[in-house]
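Notes to accompany the following structure.
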2 protein chains.
Amino acid sequence: MNEMDTSRTLRLLFPQWQGGNNPPYVLGAHLLNWLAPKSNGPFEEVPVDLNPNVEKEQGIIAKSTVLQQARSAKSLIHKHNPERIVVLGGDCSVELAPFSYLNEKYDGDVALLWVDAHPDVSIPEDFENHHAHVLANLLGVGDQEFVAEVPHLFKPEQILYVGLNDMIDALHSEPMKNMKLDIVGPDEIKQDSSKVLQWLAEKKPSKIIIHFDLDVLDMKEFRSLLVAYPGTYEEYTKSFPQGSSMETIIRVLQDVAKSYDVVGLGITEHFPWDSYFLANMLSRLPLLGDIDNKERPVFNTL
Amino acid sequence: MNEMDTSRTLRLLFPQWQGGNNPPYVLGAHLLNWLAPKSNGPFEEVPVDLNPNVEKEQGIIAKSTVLQQARSAKSLIHKHNPERIVVLGGDCSVELAPFSYLNEKYDGDVALLWVDAHPDVSIPEDFENHHAHVLANLLGVGDQEFVAEVPHLFKPEQILYVGLNDMIDALHSEPMKNMKLDIVGPDEIKQDSSKVLQWLAEKKPSKIIIHFDLDVLDMKEFRSLLVAYPGTYEEYTKSFPQGSSMETIIRVLQDVAKSYDVVGLGITEHFPWDSYFLANMLSRLPLLGDIDNKERPVFNTL
């Protein structure tokens, strides 16, 4: 499955920050795009509102903006009608339009691997940031305007969590509790990928979509994560469950892609603290920036 | 001193890694350049050998390569004959050519602020990586082929260390011990910049050059430093002396630039662990890279 026509793979840069209500996601997305191997295929950047003033609307921070950005993404995708999509986020909420498109295109004959520390099935009644709602929406749960953006809903049996280890309570909310989504935890992928491959062997999907939230990684190895804010990092490394190593996740995704046709890959929640602070500093240094500028970096911590 | 003609400020990207014998400096330099505010002035990139095989020559790792790259930098600088230079490194050794040029151009009427955790006055007999030799060379000490690249040697009274807190022994080597370089330590800049401004008021230089090694920063706040390798970070935060905060260094440099004409700024030793690991990972993921690629990141730790 390694040879493919990249001319039909759309790369979608989606620097959305409102879904996590944190400005550094914008830089995170652009930096992810800058670090990614170059592609000759089609590329689009979803326009994102940079106005820092956001409000809660019907239980969701910046709901109308996030919804409108999802519609922009959908429109850009339909312009290309791609066979495959790489999404470079941005907060997790960026997956709504591309994954909806792919599930419709392949008529539900798709497995969705949700490689993430968190289940992302919260509802507005419990949590205000849309990045934690997106998988619920793809399953038909949550805010109905977002659900209306999913033309072909995913079924629970299409979903496998990989590496899930935090905030698992959201799976037991009233609208989610009968879904019984399958889970392969961090300990079950440490040695090999067999648990994931067995699940796929049973489901026999024609196509695979991968959601890869970088927060599934061990923050002691990879610190460009919201949770690894330098000011609270030490405390959090003690209290948060340990994530998976990069080599583990790479191996699982390579093993999957060697046997199945991957049509979607979304990488999200890149939160490059150091680069964000460094860019701010450079903009205030002599010969590079404005030496009268006293503006410190803007961000929210957990 | 905030208004200046940027058309005479050369920005020199110098992604040298051999002076620290560590490949991630290459990405560090390019990322620094990517994060820096855009400039309309002249720009040059010094060509750097990417062949990973380096050998020790006359006590210095990759001596002939580092020397040849310094000569390339010199030639690019002379092409523009700039009034001011911003150097984006790369290991600290990148400062040799630009600072030599500036000291010659302004006939030694220059103060050099060496904002760094380390004194960078090691000699080949004591240490094999040239990034720790560069200030010695600028003062006429060390390998004579490097010293020959400095047409107008700096005098010890032109130098002020700012934030120095580690490996101070190098100041007491035989060729350095009579130089008696001035030092303002991290504790002396915490509250205000007066110690640095007082020193400058006594020296009355017409021009200022600033060397800013990012390792002067507190690694608990900024972790894109060699010393903050994730695998040993926890141990090192306990055993290494604490660095300065970004806001402290920004304030000192802004205070200096408000009263003096800064003609050189070199930023060095950017070591972006997360971005380096992330770029490697992306190059091995489905739809983005090569799923048969098992090549892990290449680097040396302390």
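Readers should treat all values here as calculations from the given coordinates under stated rules, not as data from a laboratory. Everything quoted here is computed from the prediction, not taken from an experiment. Cβ atoms come from the backbone with ideal geometry, glycine included; neighbour counts cover every protein chain shown.
Going by neighbour counts of Cβ atoms within 10 Å, the residues A:Ile168, B:Ile183, A:Ile208 line up, fewest first, as A:Ile168, B:Ile183, A:Ile208. Placing +1 on each Lys and Arg Cβ and -1 on each Asp and Glu Cβ, with no other charges, gives chain B a dipole about its Cα centre of roughly 620 debye.
Dipole of the protein assembly as shown, Cα-centred, from +1 at each Lys and Arg C-beta and -1 at each Asp and Glu C-beta, to the nearest 20 debye?
Dipole magnitude for the protein assembly as shown comes out near 980 debye.
For the range B:180-302, the relative contact order is 32 percent, taking Cα pairs closer than 8 Å that sit 6 or more residues apart in sequence and dividing their mean separation by the residue count.
Size estimate for the range A:1-77 follows the Kirkwood approach: the inverse of mean 1/r over distinct Cα pairs works out to 13.9 Å.
In whole Å, what is the distance between the alpha-carbon centres of the range A:43-67 and the range B:49-75? Spelled out, the Cα-based centre of one part sits 50 Å from the other.
Roughly speaking, what is the centre-to-centre gap between the range B:109-185 and the range A:120-136 when only Cα atoms are used, to the nearest Å? Comparing the Cα centres of the range B:109-185 and the range A:120-136, I get a distance of 56 Å. Between A:Ala279, A:Ala73, A:Ala257, the residue with the greatest mean-square fluctuation in the GNM of chain A (Cα pairs under 10 Å linked by springs) is A:Ala279. Hey, how much of the P(r) for the protein assembly as shown falls beyond 48 Å, as a percent of Cα pairs? Summing the P(r) of the protein assembly as shown above 48 Å gives 20 percent of all pairs. Between B:Ile189, B:Ile123, B:Ile85, the GNM of chain B built on Cα springs shorter than 10 angstrom shows B:Ile189 fluctuating the most.
Among B:14-23, A:74-83, A:291-300, B:102-111, what's the highest-first ranking by average C-beta atoms within 10 angstrom per residue?
B:14-23, B:102-111, A:74-83, A:291-300
Take each residue of peptide B:80-87, count the partner chain Cβ atoms within 10 Å of its Cβ, and average: the result is 1. Within 10 Å of the Cβ of each residue in A:126-133, the mean number of Cβ atoms contributed by other protein chains is 0. Rounded to the nearest angstrom and listed largest first, the equivalent-ellipsoid semi-axes of chain A from its Cα gyration tensor are 29, 22, 21.
Coupling constants for the range A:293-302 follow from the phi torsions by the Karplus curve (6.51 cos²θ - 1.76 cosθ + 1.60, θ = phi - 60°), and in residue order they are 7, 10, 6, 7, x, 10, 6, 10, 9, 5 Hz; glycine and proline get x. Relative contact order for the range B:9-282: 22 percent, from Cα pairs under 8 Å spaced at least 6 residues apart, divided by residue count. Backbone geometry of the range A:209-225 corresponds, through the Karplus equation with coefficients 6.51, -1.76 and 1.60 at θ = phi - 60°, to 3J(HN,Hα) couplings of 10, 10, 9, 10, 8, 4, 6, 6, 7, 5, 5, 6, 9, 10, 9, 8, 10 Hz, x marking Gly and Pro. Here the Karplus curve 6.51 cos²θ - 1.76 cosθ + 1.60, taken at θ = phi - 60°, turns the phi angles of the range A:238-247 into couplings of 7, 9, 8, x, 6, x, 8, 6, 4, 4 Hz, with x standing for Gly and Pro. For the range B:29-171, the equivalent ellipsoid derived from the alpha-carbon gyration tensor has semi-axes of 22, 20, 16 Å in decreasing order.
Note on the range A:107-188: Rg/Rh from C-alpha atoms, Kirkwood Rh, equals 0.94. Averaged over the residues of A:222-232, the number of partner chain Cβ atoms lying within 10 Å of the residue Cβ comes to 3. Each distinct pair of alpha carbons in the range A:157-302 adds a 1/r term; the inverse of their mean, the Kirkwood radius, is 17.8 Å. Its Cα centre serving as origin, the range B:110-212 has a Cβ charge dipole (Lys and Arg +1, Asp and Glu -1) of approximately 640 debye. Taking amide hydrogens as placed 1.01 Å from N in the peptide plane, the amide H of B:Ser244 sits under 5 Å from those of B:Leu217, B:Asp218, each at least 5 positions away in sequence or on another chain. The GNM of chain A, with springs linking C-alpha atoms under 10 angstrom apart, assigns the highest mean-square fluctuation among A:Thr232, A:Thr65, A:Thr268 to A:Thr232.
Pull out a ≥ b ≥ c, the square roots of the eigenvalues of the alpha-carbon gyration tensor of the range A:215-297, then state rounded if a/c is under 1.5, prolate if not and a/b is larger than b/c, and oblate in the remaining case.
Because a/c hits 1.5 or more and a/b fails to exceed b/c, the range A:215-297 counts as oblate.
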